[in-house]
Amino acid sequence: MSVRAAYTIGIDIGGTKVAGGVVDADGTIHARARADTPHRSTSPEVVENTIVGVVEDLVAQVGQGQVSAVGIGAAGFVGADRATVVFAPHLSWRQEPLRDALFGRIGLPITVDNDANASSWAEWRFGAGRGESHLVMVNLGTGIGGGIVLGGRVERGRFGIAGEFGHMQVVADGLRCECGNRGCWEQYSSGNALVREARTLIAANSPVADDLRARVGGDPTRLTGPLVTEAAQAGDRTAIELLADVGRWLGVGIANLAAAFDPGVFVIGGGVSAAGELLLGPARETYRRQLTGRGYRPEARIVAAELGNDAGVIGAADLARIEASPSRSEPVSIDSESQRAASLTAESTVDPGAGRSVGSGRWWRRRHT
């Protein structure tokens, strides 16, 4: 079977689980497997054993010879060699030669990447970023992760560690971050920030937190981000206000990223993005107010991710497919909508308030090294 016709496997590694899928060239998942990673903090081999088990399960589901490569999306710093996990905060990997360790046991080509890079690639290829030449993805979960696709290529940086947006400083001498610095973006716009503020109101016996307090039986430690989102969607004013605060800080950070990368679209993923317009509305408003050159430049769209928890699996599998391809390149067309947007941009003055994306209007060829 030719490499380009075969399935590939994508593996998404989190702090507590390994999720995998068998994915075709169109980004469709045909088989799934998942396993927990117990004792992950004490032994790198535990996670590697779990990965091997998930891959073997998936291969068994579709048959030997049907899989051409395996892509790994790891939550951590992945070196520029696309083989080594330099540091994984929630796992015991430190300079771990993951690609070589797995290849010796799986016997298929292995590609290793950061999980946010994999998700960003999936959204660009098959999700909310289709048709855009320049995409920045921001994942709002416990913290903030992200990925960059510029001109049809994942931008990983000189050392492979680009996209750690959550640790941009947005407040001088601000809140202390787990990374050791102060004022990091994720201390103000993340699931942790949302829950921290809500719990503070409950602990202070604030009357504005009565609904949230009732949802957790008066115990602030039971409060979670999804519960705050649920309350906001049910109309609780305080929960709506808390999500709006997170959204406004999201807009501040996105405006900074626009100054650096000038993308056509920001895709917002992660668990907090389930709040939808309760989060994205305030983010867009603040973004427009903070954007450098506002009123005289096009504005990137800010949209919710489409692929949900499958993005990491789909992106890792697709990157593995490309890496294993003999030519290691593949044409990807920019869709007709973006072609029209690019044509209008080239031929007329852009309306900064229109918020339209700018496509490339031509075929992109990407190469991954």
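So the values come out like this:
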item: 21 Å tail of the calculated P(r), the stretch 167-314, as % of Cα pairs; result: 49
item: Asp173-Ala25 FRET efficiency (beta carbon distance; Förster radius 45 Å; 0.05 resolution); result: 0.35
item: Cα principal axis extents for the stretch 152-219, largest first, Å; result: 50, 30, 16
item: Relative contact order [Cα under 8 Å, 6+ residues apart], the stretch 163-258, whole percent; result: 22
item: Residue among Asn205, Val267, Val46 farthest towards the positive dipole end of the chain, charges placed on Cβ; result: Val267
item: Whole-number percent relative contact order across the stretch 143-197, with pairs defined as alpha carbons under 8 Å at least 6 apart; result: 31
item: Cα-centred dipole magnitude for the chain, charges only on beta-carbon of K, R (+1) and D, E (-1), debye, nearest 20; result: 640
item: Ascending count of other beta-carbon atoms within 10 Å, so fewest first, for Leu194, Leu291, Leu150, Leu91; result: Leu150, Leu291, Leu91, Leu194
item: Cα convex hull volume per residue for the chain (Å³); result: 145
item: Estimated [θ] at 222 nm from DSSP helical runs (n ≥ 4, -39500 (n - 2.57)) normalised by residues in the chain, nearest 500; result: -11500 deg cm²/dmol
item: Prolate/oblate/rounded call for the stretch 56-169, Cα gyration tensor, a/c under 1.5 rounded; result: oblate
item: Compactness of the stretch 1-109 as Cα Rg over 2.2 N^0.38 Å, two decimals; result: 1.03
item: Electrostatic dipole magnitude of the stretch 1-133 [Cβ: Lys, Arg +1; Asp, Glu -1; Cα centre; debye, to 20]; result: 40
item: Pairwise centroid distance, computed over Cα atoms, of the stretch 231-284 with the stretch 288-315, Å; result: 10
item: Extended-chain gain in nm, criterion 0.36 nm per residue less alpha-carbon gap, Asp100 and Ala260; result: 54.1 nm
item: Relative contact order (%) - the chain, alpha-carbon pairs under 8 angstrom, separation at least six; result: 19
item: Under the span-like rule (Cα at least 30 Å along the axis, Kyte-Doolittle mean at least 0.5), DSSP H helices of the chain; result: 237-261
item: The stretch 114-167: trypsin sites (Lys or Arg not before Pro) in DSSP loop, at most 11 other beta carbons within 10 Å; result: Arg158
item: Contour minus Cα-Cα distance for Arg289 and Leu227 (0.36 nm per residue); result: 19.3 nm
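Read the figures in this text as sums done on the coordinates, not as results from a lab. Predicted, not measured: the structure shown is a model, and the values here were computed from it. Reconstructed Cβ throughout: ideal geometry from the backbone, glycine too, with neighbour counts over all protein chains shown.
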